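Asker: Supplied in structure tokens, the structure appears directly below.
Bear in mind these aren't lab numbers, they're just calculated from the coordinates by the rules spelled out. Worth saying up front: this structure is predicted, and the values here are computed from it rather than measured. Heads up, the Cβs are rebuilt from the backbone with ideal geometry, glycines too, and the neighbour counts pull from every protein chain shown.
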């Protein structure tokens, strides 16, 4: 696990966790060509229990938040208050790894330009040995290799199969801890937002939770 700060850490949080636009920011128009069909039987909110959500947050978070813009079918969020007023919240996701990989260009193109996301992405593609045009049809193992390349290029390689980081965002007076993993054809991530998440204890809780999330998703995700 590694402590990260500044714009590089924010970019890693956005691209690896796949969180998309923040709930209080304007959202880009979603392309119908990249939308993903939703198997009705998969309910991501049920993959973690209420007790587990509270444990990783270090608080009672029983208000269900808004859907994620990029992965509404595969993600869930909870906070200690309704979305716009929550001071502590988590968002977690689990999906087949090709679903995540196919959406990466959209994530890149809506990352603030000041962070030079395209230059970063070019380095990731080179590290992974793939072309952007291949992402729409990438296989599960190749998609997880892409995720590993993201972590390596960002300087936060996976430790025990999980990449984790934490940061402080002074502009919004919030701290974040996130953990991601990808194996067995399943990508899973969890991001905690709170006023004390930029700590080794919070990263450890995020790592343990994302391991449980991934293991259950492997068993429960539809093919």
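Asker: What nm value, rounded to one decimal, do you get for the distance between residue 55 and residue 223 when each label is placed 7 Å out toward the C-beta?
Answerer: 3.2 nm
Asker: Using the alpha-carbon centroid of each, what span in Å lies between the range 57-83 and the range 133-202?
Answerer: If you average the Cα positions of each part, the centres end up 18 Å apart.
Asker: P(r) of the range 119-161 in 5 Å steps, Cα pairs, percent per bin?
Answerer: For the range 119-161, the binned pair fractions read 5, 25, 33, 22, 12, 3, 0 percent.
Asker: Same structure, new question: If one puts a single equal scatterer on every Cα of the range 41-168 and applies the Debye formula without solvent, what log₁₀ I(q)/I(0) results at q = 0.10, 0.21 Å⁻¹?
Answerer: For the range 41-168, the Cα-only Debye profile gives -0.39, -1.30.
Asker: After finding the eigenvalues of the alpha carbon gyration tensor for the range 118-223, what semi-axes result from the square roots of 5 times each, listed largest first in whole Å?
Answerer: 25, 19, 11
Asker: Using only the Cα atoms of the range 92-131, what are the Rg and Dmax in Å?
Answerer: 11.2, 31
Asker: A further question on this structure: Determine the relative contact order of the range 80-223: mean sequence separation of Cα pairs under 8 Å and six or more apart, normalised by residue count, in whole percent.
Answerer: Numbers: 235 pairs, mean separation 38.2, N = 144.
Contact order relative to length: 27 percent.
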